Every structure is written in C-alpha cells, then in structure tokens.
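The values are calculated or read from the model by the stated rules, or taken from the named source; none is laboratory data. Only a predicted model underlies this, so the values are computations on that prediction, with no experimental measurement involved. Neighbour counts are summed over all protein chains in view; Cβ atoms, including those assigned to glycine, are modelled from backbone coordinates with ideal geometry.
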Ligand SMILES: Cc1cc2nc3c(=O)[nH]c(=O)nc-3n(C[C@H](O)[C@H](O)[C@H](O)COP(=O)(O)OP(=O)(O)OC[C@H]3O[C@@H](n4cnc5c(N)ncnc54)[C@H](O)[C@@H]3O)c2cc1C
C-alpha cells in the first residue's frame, strides 16, 4: 500500500478501515540466506538495501525487543557530514545524500529537516581547527561555511556573543545538516524492507551462535534455532555482549549516553547548535521541545539509563550559551547504550569466523550513518568485498595501528 495525500483523504472519508499493519508479524523460518541480528536503524537499513540494491531473497531481521526500542528511537536526531578524516568524510557525505532522498525512496515521512547545524567557536585555536575541518569537508564534496560572529548574531539573536563566560568567536556551519524523526526512520525502513519480502521478527533474542569447523551456521534464539548462509551482527550498544557469545573480544566499550527534552515552546531555535567549550548540543523538535544532550556517563554499562553528574554537566553547558533555558521545565530524560570504538570510527567487516559479519562501533554518532551503514554493510554481505566508502572501517586497522581514520 502506497502512502499519499489522496490515500489519507480516501481513508478519512471511509472510516480509516483500509490501513494495513506497517509490516507483517513474521514467523521465523528454518533457514535464511541472510540473517541480520538487531532491528535498529542499521539492521533494518541493511536488510532493505540487501533486497533493493542486490536483489537478495530470504532475508530476516531478528530483534530481541521491538523495532525502534534501541538507540534508533533514543537519539537526538541530528544528521550531518562534518567529518575531518579521509576515511570518514566520504562515508558520512554518502549518508547525508541518502537522507536527502530517503522519504521518496521509502515512501515514508521521516521528517527529514535540513535546518542546518552550527558548531560554535570560542577561541582562535578552535577557529583554526574548524577552518581545517571545513576545508576537508569541501575537498570531499560536502558543504561547509565558516560563519563570523556577526552572521551568527543575525541568525541566532538570542546567543550572547560578547560578554559571556565563553564568548562566541564564529562557527562552522553545515547548512545541509539537520534532524530526522528517529523512530520514523526505523518504521520507514521496516515497512519498505517488509514490502520487499524481508521477515521482521520481533521478541526474538539471539542467545548464541552455532559455529562448526570455523563456520557460522546459524543462531540459537529465544524462539529456537535459525540457520543462515550469512549471519550479520548489527546490535550497536550490545555488540560486546553478543560477539562474546562467538568468543570474540571487540575493541569496543559500552557506555551510557543520556538525552533530554523540555516542555514545548514556540519556535525559538532554527537549527542545531553545538557548544564548543564543553559537551552540549541542542535543537528544537517540531513539537516545540528543546532536545539536548552532552557527554557520555563515563563508566561501562549496558543500562539504558544514566546518572546525575552528567545531568549537571549538560545543564551547565546549556546555561553557558542559552541562559534563557534555565526557566524551561524538563519533560523527559533517558539513556541509550553506546558502542564506543577505541578510535571513534565504526567497523563494517567480516570476522575471522566464516559467514559471520560485524557492524558496530558507532559511538554516539551512528544515527546519521544509518543509510550509508546499511548500504555498505549490504554491499559487503552480498559481494564479500568492502564498499568503497567503508574500506577504512575494518578490524585490521587496530592490529596495524593505523591512525588516519
Ligand atoms: C541519547 C542518544 C543521543 C544520540 N544522538 C545522536 C545524534 O544526534 N546523531 C547521531 O548520529 N547519533 C546519535 N546517537 C547514536 C545513535 O543513536 C546510534 O549510534 C545508532 O542508533 C546505533 O545503531 P542502531 O540504530 O542500529 O542501534 P539500535 O537501535 O540500538 O539497534 C540495535 C538493536 O539490536 C537489538 N539487540 C541487541 N542484542 C540483541 C540480541 N542478542 N538479539 C537480537 N537483537 C538484539 C537491540 O534490542 C536493538 O534494537 C545517539 C544515541 C543516544 C543514546
């Protein structure tokens, strides 16, 4: 069923009886060609691009909870491609281009909003660093704009640029960056994948891998054994815990990251803003809430909730640039589990176990990567060669000590 304005009118006039469930409630089959573990954004996008780009059949996504219950539905919705290093920038730019056409591709309103992102500069050294970054972005085909304090004052008149504790000395803007409604991305990919025949199996936890003579044959799940020609791990914050079941120890630690949303306000914040003298960033949702976050809780954890010291730190950052926020009431706060890799870049690679593949290490920036991650992981799974934009994201970089990622 295609969604369209006409369809909405027709359903409104006929009692909304024609809507169908967005995806089927699939029963696990005995064997699949591709079994993707993890129904987050990355797992669903992988399944979708496997079917769409590579014509793959017999694909399943297995999810221990529900679609959208992980980080894909917990993040602060920011998308951008303002990366510095050559191994990263083309990948994230590819992702931003995919975001730009995503709603037409999926026939789903994911509320892609290119409202722009601005990284504030508070010192001359920081301006040098951001100038370098902006040049690297432009060389890689992305957009970047070094804004003066005057330009910033014009666009964001509520920012105190002069007598603040951390005066604003300019900023690096990416006007094509912005926000996307996070759980709509999960639902959109799930629906589009389902329409291409992908089985989406919720409430099905992977409990172990069946590995014989160095080859992965399938997985033991809470709903029984499922065999597969290729098994693809894609569980973000649970990567360490899952791969330990295949006796793999990853260069990844799991940490909590918290996010916050205030009561709804009239439109005051036209884009995403990040503070440069601490870890704080914010935007305004379409419902009016100020959505913001900051640093990780600095200890290892698999809990989807955080602690108060980081709340204080984040609120200090907020007050440093937006003193007006001090009077706004906080509505909700929550946490997600981040798969922090040791060099801050992700991994999309085959493992040393035949037919077992790995996608993870997204740190706190994997939402923006969702389309490109699915695209490149599907390419790897279908062809057994890394996609040209993901050649830097392999396990062997840790053994070789490469530091250009
Ligand atoms: C508070 C917060 C703010 C963030 N803000 C941003 C942002 O603004 N921009 C940005 O780019 N990124 C952001 N991120 C990071 C981003 O959300 C993640 O990097 C990304 O969503 C991870 O990929 P995913 O969507 O596939 O993960 P998930 O949605 O977590 O998917 C993994 C799935 O695997 C499932 N799973 C785990 N173990 C098993 C098992 N054994 N069997 C079956 N299924 C299993 C989980 O239930 C989960 O649904 C933020 C994250 C958080 C928590």
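Residue-wise test of (1) outside the structural domain of residue 332 (by TED's automatic domain parsing); (2) over 27 Å from residue 337 (Cα atoms); (3) away from the ligand (no atom under 14 Å from the Cβ); (4) crowded, with 21+ Cβ neighbours inside 10 Å.
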| site | (1), (2), (3), (4) |
| --- | --- |
| 85 | yes, no, yes, no |
| 90 | yes, no, yes, no |
| 95 | yes, no, no, yes |
| 98 | yes, no, no, no |
| 101 | yes, yes, yes, no |
| 107 | yes, yes, yes, no |
| 118 | no, no, yes, yes |
| 123 | no, yes, yes, no |
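Residue 204 meets the conditions (1) under 30 Å from residue 332 (Cα atoms); (2) within 8 Å of the ligand (Cβ to nearest atom); (3) not in a loop (DSSP other than H, G, I, E, B) in every case but one. The failed one is (3). If the condition is being surrounded by 24 or more Cβ atoms within 10 Å (Cβ to Cβ) and either more than 8 Å from the ligand (Cβ to nearest atom) or modelled with pLDDT under 95 (or both), then the range 61-79 contributes only 61. Looking at this structure, is residue 35 within 15 Å of the chain's Cα centre (by Cα) and either closer than 21 Å to residue 378 by Cα or within 13 Å of the ligand (Cβ to nearest atom) (or both)? Spelling it out, it is not the case that residue 35 is within 15 Å of the chain's Cα centre (by Cα) and either closer than 21 Å to residue 378 by Cα or within 13 Å of the ligand (Cβ to nearest atom) (or both).
Just to be sure before I move on: is residue 251 modelled with pLDDT under 95 and surrounded by fewer than 19 Cβ atoms within 10 Å (Cβ to Cβ) in the structure I sent? For residue 251, the condition - modelled with pLDDT under 95 and surrounded by fewer than 19 Cβ atoms within 10 Å (Cβ to Cβ) - is not met.
The residue pairs whose first member lies in the range 18-45 and is closer than 14 Å to residue 229 by Cβ, whose second member is surrounded by fewer than 14 Cβ atoms within 10 Å (Cβ to Cβ), and whose beta carbons are closer than 7 Å, counting only pairs six or more residues apart or on different chains, are 33/57. Scanning the range 234-258 for residues that are under 11 Å from residue 208 (Cα atoms) and not in a helix (DSSP H, G or I) yields a count of 3.
Exactly one residue out of 172, 217 is under 21 Å from residue 61 (Cβ atoms) and surrounded by 17 or more Cβ atoms within 10 Å (Cβ to Cβ), and it is 217. Between 26, 51, 56, 47, the distinction of being more than 10 Å from the ligand (Cβ to nearest atom), touching a helix residue (DSSP H, G or I) at 6+ places or on another chain (Cβ under 7 Å), assigned to a loop (DSSP other than H, G, I, E, B) and more than 14 Å from residue 369 (Cβ to Cβ) belongs to 56 only. Among strands (runs of 3 or more DSSP E) entirely within the range 297-405, having at least 1 residues that are free of Cβ contacts under 8 Å to residues at least 40 places away in the same chain, away from the ligand (no atom under 14 Å from the Cβ) and within 21 Å of residue 249 (Cα to Cα) singles out 347-350.
Of the helices (runs of 4 or more DSSP H) lying entirely inside the range 71-173, those carrying at least 1 residues that are under 15 Å from the mean Cα position of the chain (by Cα) are 89-106.
When the range 259-273 is filtered for residues that are away from the ligand (no atom under 11 Å from the Cβ) and outside any loop (DSSP other than H, G, I, E, B), the ones remaining, listed by number, are 262, 263, 264, 273. No other residue among 197, 208 is surrounded by fewer than 21 Cβ atoms within 10 Å (Cβ to Cβ), in the same structural domain as residue 226 (by TED's automatic domain parsing), in contact (Cβ under 8 Å) with a residue 40 or more places away in the chain and more than 22 Å from the chain's Cα centre (by Cα) apart from 197.
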